[in-house]
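Notes follow once the structure below has been shown.
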Amino acid sequence: MYLHHVREVTPEWVARATGGRLHPGGKPVRDLHWDSRETTPGSLFVALPGKRVHGREYVDEARAKGAHLVLSDRPGPATVEVADTHQALLRLGRALRELFPGQVVAVGGSSGKTTTKEALAQGLGFPAPPGNQNTAPPLARFLLRLDPQAPGCVVELGVDRVGEMAELMGLARPHLAVLTALGEEHLEAFGSLQGVVEEEAGLLSAPQALVSLQAAEVLERFGLGRGLPTYGFGEATFRGEDLRLLLHESRFRYGALEVHIPYPGIGPALAALAALGVAEMLGLDPKEVAERLAHLVLPPGRMERREKDGVVFLNDAYNANPLSV
């Protein structure tokens, strides 16, 4: 579910939320962008530092495309001036999060995040960001556009540097977090599996957490996560049984329910099982979730079925870290 609510926030509100200095000329904003090429009329342009160039170099282009307000570390017309635009964006995201009264479910892990996020969102009937938009800028944009009447939402949290999970958890403040899997990823930043585990384990600071059996096993090796509820096809708190991985679909039993997923492979089946477990933890009806999961639609590159000259190909090449392969 990607429907968004049209909310406008004033320049004064943005200045208060970010702790910035407001320069005159701005108008209320209803969208947020950090890439000047994608800026739309009526949006806030956030001038973030990049690897090779700073976003402040593209402020004029963003204004020409209709940006109503700029968040920058330099003064200018219609600008909220701050010392650090990244930190200001995090403060803005936290303020937007405070406007949402519903349940927030966060998903993280070394692999399977987007598939699980989709199963949760579609199974629970909650809005979520499209694709794998799992860093601070798109999360802040999602929260700006999130309908406050929605019963809940699902967000994906992705990390590739030390300390990023703490930032994202502070922004999203989920009521419940799901840890999908733990394995080697972004070792240039984390150095080792232990570094990965310590960073991803920041998810477990949520009031409630659910972890896969695989993640629970890795956490235990490092003395973390003991006693957390688990999901999986084995001795788990939320257990799937009689798993059948067929050419075009997957089926399994969840208690008295027969669950059907229109994708082959263990990944979508585990994602569906996570959604059923979260439903129970939130007090929702797993039968309704199972009915919605029968119509699950995943983004490209996740068990995507293609047929050519009578040969069926499964494109599951989006993620290529060792655990995914």
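Throughout, read-outs are computed from the coordinates displayed, never taken from laboratory work. A quick note: this is a predicted structure, and the numbers were derived from the prediction, not measured. Cβ coordinates were reconstructed from backbone atoms using ideal geometry, including for glycine residues, and neighbour counts include every protein chain displayed.
A few notes on this one:
- The phi torsions of the range 67-82, fed into the Karplus equation with coefficients 6.51, -1.76 and 1.60 and a -60° offset, translate into couplings of 4, 8, 7, 10, 10, 8, 8, 10, x, x, x, 6, 10, 9, 8, 10 Hz, rounded to whole numbers, with Gly and Pro shown as x.
- The chain - share of DSSP beta bridges that are antiparallel (%, nearest 5): 40 percent
- Converting phi to 3J(HN,Hα) with the Karplus coefficients 6.51, -1.76 and 1.60 and the offset θ = phi - 60°, the range 269-276 yields 5, 5, 4, 5, 5, 4, 5, 5 Hz in sequence order, with x at every glycine or proline.
- Lys/Arg +1, Asp/Glu -1 at C-beta; the chain dipole; positive extreme among Gly265, Ala64, Val311: Ala64
- Between the amide H of Cys153 and those of Gln103, Val104, Val105, distances stay under 5 Å, these residues lying 5 or more places away or on another chain, with hydrogens modeled in the peptide plane.
- Electrostatic dipole magnitude of the chain [Cβ: Lys, Arg +1; Asp, Glu -1; Cα centre; debye, to 20]: 800 debye
- Options Gly76, Gly19, His54, ranked by Cα towards positive dipole end of the chain, top entry (Cβ charges): Gly76
- Residue among Pro137, Gly277, Ala150 farthest towards the positive dipole end of the range 100-293, charges placed on Cβ: Ala150
- Antiparallel content of DSSP bridges confined to the range 1-158, in %, to 5: 20 percent
- Tensor-based shape of the range 100-293 (alpha-carbon gyration tensor, a/c under 1.5 rounded, otherwise prolate or oblate): oblate
- Across the range 150-164, rounded Karplus estimates of 3J(HN,Hα) from the backbone phi angles (6.51 cos²θ - 1.76 cosθ + 1.60, θ = phi - 60°) give 5, x, x, 8, 10, 10, 9, 10, x, 10, 9, 8, 5, x, 5 Hz, Gly and Pro being marked x.
- Summed side-chain charge close to Arg173 - residues other than Arg173 whose Cβ falls under 11 Å, Lys, Arg +1, Asp, Glu -1: +1
- Potential lengthening of the chain between Ile266 and Val162 amounts to 34.5 nm, from the contour at 0.36 nm per residue minus the alpha-carbon distance.
- Helix 136-145 axis versus longest C-alpha principal axis of the chain: approximately 80°, rounded to the nearest ten.
- Cα centroid of the range 219-293 to Cα centroid of the range 14-75, whole Å: 42 Å
- Principal-axis analysis of the Cα atoms of the chain puts helix 113-124 at an angle of about 80° to the longest axis.
- Cα gyration tensor shape for the range 82-195, rounded if a/c is under 1.5, else prolate or oblate: oblate
- Across all Cα pairs in the range 43-132, the calculated P(r) in 5 Å bins from zero up to the longest distance comes to 3, 12, 17, 15, 15, 14, 14, 9, 2, 0 percent per bin.
- Total charge dipole magnitude, the range 100-293, about the Cα centre, Cβ charges on Lys, Arg, Asp, Glu only, Debye to nearest 20: 360 debye
- For Ala209, distant residues with modelled amide H under 5 Å away: Ala177
- Pairwise Lys count, the chain - Cα closer than 27 Å, eight or more residues apart or different chains: 5
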